[in-house]
Amino acid sequence: MSVSRFDFKEEKTIMAKFGFIGMGNMGYAMMKGTLQLIDKAEIVFADVNQERVYQVYHETGVRFMESNAEVVNSCKYVVLAVKPQFYETVLKNIENIVTPETVIISIAPGKTIEYLQERLGYDKKIVRAMPNTPALIGEGMTGICFDEERFTAEEIQTVYAFFNSFGKVKKVDEKLMNAVVCASGSSPAYVYMMIEALADSAVKYGIPRKDAYEFAAQTVVGSAKMVLETGKHPGELKDMVCSPAGTTIAAVEALEEWGFRNAIMKATDACYDVCTSMAEKK
């Protein structure tokens, strides 16, 4: 199904509040959160994939623009939801349109605030963020950094409300943003792998696969809530499960023997190294 460009011609003259450049998984997740905050008439988006554009439009009713420049020209807050390798192209599209009043929200790993200001101007307002895919169900975790002195109180409030619309948000120093990628941006993949492995082990002992996934996934949900809601150290919570000479401490011993902790730390080292290399490729 196609949508004529003339379907929105009159509406496009209306100033939107939020604009999204890129409508992949993260762009879509963030836009869904934004729809909980403001009316769809105050949101626009653009994407190079026309099939995806039409799909999102028919699912949400959110207006699309034909170019990245139109998105920036129509919005106060602009979310750059494209992969790092496409940043140079996108920034060239919008560099002459972004104003000092525009708030640019960038979610690309390795792309620093200085990098964006070099291309858009040092008078521009930049928010650097790292969300994660659980934002798709409103349970995302986002690390953000920005210079609050450049922003009005209303802009700061809006930025926090935006990120809270699809999960939780925490402000950090920019020097820690690569570590945020390790802690939450990339780590859902490791958790999914653990759930898959745990379910496989349960299937091996006779539990049907569908049930095994539910047992494993709900255990991760509950364990995570225990950490967040009790405030107890993860090690203390682990000790609460480990009875003397019991089944759990035997399993923990095996995890230590086979390098469970070390594997996680090596994974984050690899993730951090890639983030660093992205920052160096300007």
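The values are calculated or read from the model by the stated rules, or taken from the named source; none is laboratory data. It should be emphasised that the depicted structure is a prediction, and the values quoted were computed from it without experimental measurement. All Cβ positions, even for glycine, are placed from backbone atoms using ideal geometry, and neighbour counts span all protein chains on display.
Matching residues to (1) surrounded by fewer than 22 Cβ atoms within 10 Å (Cβ to Cβ); (2) outside the structural domain of Gly110 (by TED's automatic domain parsing); (3) modelled with pLDDT of 95 or more; (4) assigned to a helix (DSSP H, G or I):
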{"position": "Ala129", "(1), (2), (3), (4)": "no, no, yes, no"}
{"position": "Thr142", "(1), (2), (3), (4)": "no, no, yes, no"}
{"position": "Tyr160", "(1), (2), (3), (4)": "yes, no, yes, yes"}
{"position": "Phe163", "(1), (2), (3), (4)": "no, no, yes, yes"}
{"position": "Tyr192", "(1), (2), (3), (4)": "yes, yes, yes, yes"}
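If I go through segment 168-190 residue by residue, how many of them are out of contact with any Ser or Thr (no Cβ under 7 Å at 6 or more places or on another chain), outside any helix (DSSP H, G or I) and of a type in the set (Val, Ile, Thr)?
The total comes to 1.
Any residue at all in segment 98-105 that's outside any loop (DSSP other than H, G, I, E, B) and surrounded by fewer than 18 Cβ atoms within 10 Å (Cβ to Cβ)? Spell out how you get there, then give the answer.
In the first step, residues of segment 98-105 are kept if they are outside any loop (DSSP other than H, G, I, E, B); the result is 103-105.
If we keep only those that are surrounded by fewer than 18 Cβ atoms within 10 Å (Cβ to Cβ) too, we end up with none.
No, because not a single residue in segment 98-105 is outside any loop (DSSP other than H, G, I, E, B) and surrounded by fewer than 18 Cβ atoms within 10 Å (Cβ to Cβ).
Out of everything in segment 242-282 that is among the hydrophobic types (A, V, I, L, M, F, W, C) and outside any helix (DSSP H, G or I), what residue ends up being surrounded by the most Cβ atoms within 10 Å (Cβ to Cβ)? Walk me through how you get there before you give the answer.
Filtering segment 242-282 for residues among the hydrophobic types (A, V, I, L, M, F, W, C) gives 242, 245, 249-252, 254-255, 258, 260, 263-265, 267, 270-271, 274-275, 278-279.
After this cut, where a residue has to be outside any helix (DSSP H, G or I) as well, the list is 242, 245, 258.
Details: Cys242: 15, Ala245: 7, Trp258: 9.
Filtering first and then ranking leaves Cys242.
Is it fair to say Phe45 is under 17 Å from Leu136 (Cβ atoms) and modelled with pLDDT of 95 or more? Walk me through how you get there before you give the answer.
Numbers: under 17 Å from Leu136 (Cβ atoms): yes; modelled with pLDDT of 95 or more: yes.
Here the answer is yes, as Phe45 does meet what is asked.
Yes/no matrix, rows are residues, columns are (1) more than 27 Å from Gln117 (Cβ to Cβ); (2) part of a loop (DSSP other than H, G, I, E, B); (3) among the aromatic types (Phe, Trp, Tyr):
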| site | (1), (2), (3) |
| --- | --- |
| Phe45 | no, no, yes |
| Val48 | no, yes, no |
| His58 | yes, no, no |
| Val79 | no, no, no |
| Val82 | no, yes, no |
| Gln85 | no, no, no |
| Glu88 | no, no, no |
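Taking Ser187, is it out of contact with any His (no Cβ under 7 Å at 6 or more places or on another chain) and either under 23 Å from Gly140 (Cα atoms) or buried (at least 18 other Cβ atoms within 10 Å of the Cβ) (or both)? Working first, answer last.
Numbers: out of contact with any His (no Cβ under 7 Å at 6 or more places or on another chain): yes; either under 23 Å from Gly140 (Cα atoms) or buried (at least 18 other Cβ atoms within 10 Å of the Cβ) (or both): yes.
Yes: the conditions hold for Ser187.
Within segment 105-141, can you find the residues that are under 21 Å from Lys92 (Cβ atoms), among the hydrophobic types (A, V, I, L, M, F, W, C) and touching a residue at least 24 places away in the same chain (Cβ under 8 Å)? Before the answer, list the steps.
Kept after step one, since they are under 21 Å from Lys92 (Cβ atoms), are these residues of segment 105-141: 105-128.
Checking the rest, the ones that are also among the hydrophobic types (A, V, I, L, M, F, W, C) come to 105, 107-108, 113, 116, 120, 126-127.
Once the filter is applied, which keeps residues that are under 21 Å from Lys92 (Cβ atoms), among the hydrophobic types (A, V, I, L, M, F, W, C) and touching a residue at least 24 places away in the same chain (Cβ under 8 Å), segment 105-141 yields Ile105, Ile107, Ala108, Ile113, Leu116, Leu120, Val127.
Evaluate the following for Ser201: is it among the hydroxyl-bearing types (Ser, Thr, Tyr), over 27 Å from Met31 (Cα atoms) and either under 28 Å from the mean Cα position of the chain (by Cα) or assigned to a helix (DSSP H, G or I) (or both)?
Details: among the hydroxyl-bearing types (Ser, Thr, Tyr): yes; over 27 Å from Met31 (Cα atoms): yes; either under 28 Å from the mean Cα position of the chain (by Cα) or assigned to a helix (DSSP H, G or I) (or both): yes.
Against the criterion (among the hydroxyl-bearing types (Ser, Thr, Tyr), over 27 Å from Met31 (Cα atoms) and either under 28 Å from the mean Cα position of the chain (by Cα) or assigned to a helix (DSSP H, G or I) (or both)), Ser201 qualifies.
Which of the residues spanning segment 204-217 are assigned to a helix (DSSP H, G or I) and surrounded by 11 or more Cβ atoms within 10 Å (Cβ to Cβ)? Don't jump to the end; show me each part of the working.
Of the residues in segment 204-217, the ones assigned to a helix (DSSP H, G or I) are 204, 209-217.
Matches in segment 204-217: Arg209, Asp211, Ala212, Tyr213, Glu214, Phe215, Ala216, Ala217.
How many residues are within 14 Å of the chain's Cα centre (by Cα) and either at pLDDT below 95 or surrounded by fewer than 16 Cβ atoms within 10 Å (Cβ to Cβ) (or both) when one looks only at segment 144-158?
Result for segment 144-158: 0.
Looking at segment 232-240, can you tell me whether even one residue there is closer than 29 Å to Gly140 by Cα and not in a helix (DSSP H, G or I)?
Yes; the residues of segment 232-240 include at least one that is closer than 29 Å to Gly140 by Cα and not in a helix (DSSP H, G or I).
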